[in-house]
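The values are calculated or read from the model by the stated rules, or taken from the named source; none is laboratory data. This one's a predicted model, so the numbers in the text were calculated from it and none came from an experiment. Here the Cβ positions follow ideal geometry from the backbone for every residue, glycine too, while neighbour counts run over all protein chains shown. Heavy atoms of the whole protein, side chains included, go into the accessibility calculation; ligands, DNA and RNA do not. Shrake-Rupley method; radii C 1.70, N 1.55, O 1.52, S 1.80 Å.
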Amino acid sequence: MNNNADKIIKIDGVDVPFKDGQTIMDAALAADIYIPHLCHKPGLSPHGSCKLCTVDVNGRPASSCTMPASEGQEIANNTPALNEVRKSITQMLFIEGNHLCPSCEKTGDCTLQAIGYHLGMLDGHFPQFYPRREVDASHGSLVLDRDRCIMCELCVRASRECDGKNVFTISGRGTNRHLIVNSDSGKLVDSDIELEDMAAHICPVGAILIKDHGYEVPIGRRTFDIHSVAETDLDDVILTKVRHHDE
Amino acid sequence: MSKVRVGTTSLGGCFGCHMSFLDMDERIVGLMEHVEFTRSPINDIKHCEPCDIGLIEGALCNADNVHVLKEFRENCKIIIAVGACAINGGVPAMRNHFSLQECLEEAFLDEIGVDNPHIPNNKELPLLLSKVHPIHEVVKVDYYLPGCPPPADAFVKVLTDLLEGKEPSLPKEMLHYD
Ligand code: SF4
Ligand code: SF4
Ligand code: FES
């Protein structure tokens, strides 16, 4: 155990301690170093799909949320080149869905949007897909608006790993990929999701929303109106919705 | 020194960006010492003359929007896409989920309270595009000013930067998509 505490990786030249079994992301989060990420949440198994957390490990790109930390790694994270690539990824996420922030309840509390701000994204750059996706408002207290789903699978994992259920999964391939609900009708109302479930609150964007509480905090005074994503503990953000609901 | 010439227009927008521009209140007096408006809803001049800066609000929703946008691009040295609609289609692009026919039927035939239901087809009316598009899909855009609308301070900052010959920039806290 003792020699465990001494192990070090370097992130942008800073010594960061890690324990065996930790990923680069785990070590960075523990050291308060921000690596942009959307599909990762501590406590859930890493997914490695959004690629925003890409860093250069000894000169080779790797996803920090899945790459185990190991002695001797020299990691580049906050570099103009990596942030430019991350910005392009963020732009693709915007144009592949229908992200019209002014009409979205999640605006100001949305991690995708906050990463756009953090990276200085001004426009979607690529031609808009404007896909037509189904909205499921069948449930009494939840809405699933697939227009804004970025397929991060946080809800999928939260349902399986924390709630002990299996409410969501991703279906289809390529541009036809979409989130489906595990119920006979395919509707949320017929699934076993409950408002108390982590899956109901974990969505980093405005795809799974709690009904009737979207405007309790006015636009302009929300989490990322006040903090940048880099200085905010992302756990706090995800849980904010729960707190609003209970207040 | 001659004044910097600025043109502005609202394509498929709500004029909210123009209202926000005017929210600069008395600061517009100082600005007018350096700037003069060519075509703009502010002075109701209808045609674009060669000018330095074009501020474009709104998305491309109909054939006239495309025509006006191209006129601006031909006449302006710098085009700035102002607001969410110009940048990604914004709220007008919500109609992209539906066919044009469905939209027209909903608005002019089926909507509750419609009087004398018929779809207007006067020759004077510009043809609607089948989908709404952001402006950078049709012309080259030089700068983007996000926000719905961008705050007056952001307009002041961008125009001040340009007047000083600098690349316009915004402090992070002024960058908003809503
Ligand atoms: S989910 Fe986020 S990025 Fe998408 S429209 Fe809503 S606030 Fe904007
Ligand atoms: S609904 Fe939200 S949490 Fe689930 S996959 Fe889509 S974006 Fe991720
Ligand atoms: S956070 Fe690592 S790939 Fe998404």
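Listed by chain and number, the aspartates and glutamates whose alpha-carbon sits under 17 Å from that of residue A:41, ignoring those within fewer than 8 places in the same chain, are A:26, A:32, A:109, A:153, A:161, A:163, A:197, A:231, A:233, A:235, A:236. Give me the percent of the accessible area of region A:147-193 that comes from carbon and sulfur atoms, probe 1.4 Å, all protein chains in place. Carbon-and-sulfur percentage of accessible area, whole number: 40. Counting only heavy atoms of the protein chains and using a 1.4 Å probe, residue A:71 has close to 110 Å² of accessible surface. For region B:139-178, the residues whose backbone nitrogen is under 11 Å from a point 7 Å from the Cα of residue B:19, taken along Cα to Cβ, are B:149.
Using alpha-carbon pairs under 8 Å, 6+ residues apart, how would you state the relative contact order of chain A in percent?
Details: 419 pairs, mean separation 42.7, N = 247.
It comes to 17 percent, rounded to a whole number.
Temperature 37 °C, viscosity 0.692 mPa s: under these conditions the Stokes-Einstein estimate for the protein assembly as shown, based on its Kirkwood radius over C-alpha pairs, is 138 µm² per second.
With an 8 Å Cα cut-off and a minimum separation of 6 or more residues, compute the relative contact order for region A:86-217 in percent.
Details: 210 pairs, mean separation 37.1, N = 132.
After rounding, I find 28 percent.
Projected onto its three principal axes, the C-alpha set of chain B covers 56, 35, 30 Å, listed from the longest axis down. Counting only protein heavy atoms and using a 1.4 Å probe, the accessible area of residue B:128 comes to about 80 Å². The charge dipole of chain B, taken about its Cα centre with unit charges on the Cβ of Lys, Arg, Asp and Glu (plus for the first two, minus for the last two), comes to roughly 580 debye.
Hey, which of these cross-link pairs are over 31 Å Cα-Cα: B:131/B:166; B:46/B:172; B:123/B:157; A:51/B:140?
Values: B:131/B:166 36 Å; B:46/B:172 36 Å; B:123/B:157 42 Å; A:51/B:140 29 Å.
The pairs that break the limit, which is 31 Å between Cα atoms, are B:131/B:166; B:46/B:172; B:123/B:157.
Calculate how steeply helix B:63-75 sits against the longest principal axis of the alpha-carbon atoms of chain B, using the helix alpha-carbon long axis, and give the answer as 0 to 90 degrees to the nearest 10. Roughly 20 degrees, rounded to the nearest 10.
The spacing between region B:1-76 and region B:115-178, judged by their C-alpha centroids, is 10 Å.
Which lysines have a Cα lying under 17 Å from the Cα of residue A:187, excluding residues fewer than 8 positions away in the same chain? Counting by Cα, and skipping residues close in sequence, residue A:187 has these lysines nearby: A:165, A:211. From largest to smallest, the equivalent ellipsoid semi-axes obtained for region A:86-217 from the alpha-carbon gyration tensor read 25, 17, 14 Å. Interface burial in region B:129-178 reaches 50 Å² or more for B:136, B:144, B:172, B:175, B:176, B:177, B:178, comparing the full protein assembly with the chain by itself; accessible area from heavy atoms with a 1.4 Å probe.
Where does each of A:56, A:109 land when they are ordered by accessible area, with a 1.4 Å probe and the largest first?
Sorted by accessible area, descending: A:56, A:109.
Accessible surface calculations at 1.4 Å, restricted to protein heavy atoms, place the protein assembly as shown at 48 Å² per residue.
At the nearest 100 Å², what buried accessible area, both sides summed, do you get for A and B when the probe is 1.4 Å? Could you put the intermediate results ahead of the total?
Working: alone 12280 and 10380 Å², together 20550 Å².
Rounded to the nearest hundred, the buried surface is 2100 Å².
Considering only protein heavy atoms and a 1.4 Å probe, what is the carbon-and-sulfur percentage of the accessible area of region B:35-178?
Details: 4110 of 7330 Å².
Result for region B:35-178: 56 percent of the exposed heavy-atom area is carbon or sulfur.
Within the shell defined by Cβ-Cβ distances under 12 Å, the residues around residue A:66 carry a net charge of 0, with Lys and Arg each +1 and Asp and Glu each -1. Taking Cβ atoms as reference points and 11 Å as the exclusive limit, the residues near residue A:56 contribute a net charge of -1, counting Lys and Arg as +1 and Asp and Glu as -1. Counting only protein chain heavy atoms and rolling a 1.4 Å probe, the accessible areas of B:15, A:18, A:126 rank, largest first, as B:15, A:126, A:18.
Taking the 1.4 Å solvent-accessible surface of region A:24-125 as the whole, the part contributed by carbon and sulfur is 54%.
So between residue A:83 and residue A:103, what do we pick up on full extension, going 0.36 nm a residue minus the alpha carbon distance? Before the final figure, lay out each step's value.
Values: separation 20, 0.36 × 20 = 7.20 nm, distance 2.75 nm.
Gain on extension, residue A:83 to residue A:103, equals 4.4 nm.
P(r) tail, chain A: Cα-Cα pairs separated by more than 32 Å, 22% of all pairs.
Only helical DSSP H runs with n ≥ 4 go in: add -39500 (n - 2.57) per run for the protein assembly as shown, normalise by residue count and round the 222 nm mean residue ellipticity to 500 deg cm²/dmol.
Working: 13 runs with 107 residues, N = 425.
After summing the helix terms and dividing by the residues of the protein assembly as shown, the value is -7000 deg cm²/dmol.
For chain B, averaging the sequence separation of C-alpha pairs within contact (under 8 Å, six or more residues apart) and dividing by the residue count gives a relative contact order of 25 percent. The figure for residue B:130 is an accessible area of roughly 80 square angstrom, using a 1.4 Å probe on the protein chains alone.
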